[in-house]
Amino acid sequence: MTGPRDGEVRCLNCFARFRPLPVGTERATCPNCGMEWRISWPYPRTAKIRGPVWEKFPK
C-alpha cells in the first residue's frame, strides 16, 4: 500500500506534517517550528516520532 503521505510524521509541537529525509534517519527537524525529534522506522515506509531530542529541547 502506497500513498502520498508515506514516510510523513506530524510534529508534536506545531502539528505540521513533514517527511524525515533521508528515509531511515534517526533524527529529524520540523521545518515549520524547528523542533528536533527522534524517529523510528517500524516498517520501511512508516516513520514514527519517538520523542524529542532532549539536548535541543527548549528549557
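The values are calculated or read from the model by the stated rules, or taken from the named source; none is laboratory data. Just so it is clear, the structure is predicted and the values come from calculations on it, not from any experiment. Heads up, the Cβs are rebuilt from the backbone with ideal geometry, glycines too, and the neighbour counts pull from every protein chain shown.
Values for this structure:
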{"read-out": "Test result for GLU26, modelled with pLDDT of 95 or more and in contact with a helix residue (DSSP H, G or I) (Cβ under 9 Å, 6 or more places away or on another chain)", "value": "no"}
{"read-out": "Filter pass, GLU36 being in contact with a helix residue (DSSP H, G or I) (Cβ under 8 Å, 6 or more places away or on another chain) and in contact (Cβ under 8 Å) with a residue 12 or more places away in the chain", "value": "yes"}
{"read-out": "Matching residues in the stretch 3-42 - criterion: being of a type in the set (D, E, K, R) and assigned to a loop (DSSP other than H, G, I, E, B)", "value": "ARG5, ASP6, GLU8, ARG19, GLU26"}
{"read-out": "Within the stretch 24-47, considering residues that are closer than 14 Å to GLU8 by Cα, surrounded by 13 or more Cβ atoms within 10 Å (Cβ to Cβ) and not polar (S, T, N, Q), the one farthest from the chain's Cα centre (by Cα)", "value": "ARG45"}
{"read-out": "Residue within the stretch 43-59 that is assigned to a loop (DSSP other than H, G, I, E, B), touching a strand residue (DSSP E or B) at 6+ places or on another chain (Cβ under 9 Å) and either in contact (Cβ under 8 Å) with a residue 60 or more places away in the chain or charged (D, E, K, R) (or both) present", "value": "no"}
{"read-out": "Positions within the stretch 48-59 being surrounded by 12 or more Cβ atoms within 10 Å (Cβ to Cβ) and more than 20 Å from VAL23 (Cβ to Cβ), in sequence order", "value": "PRO52, LYS56"}
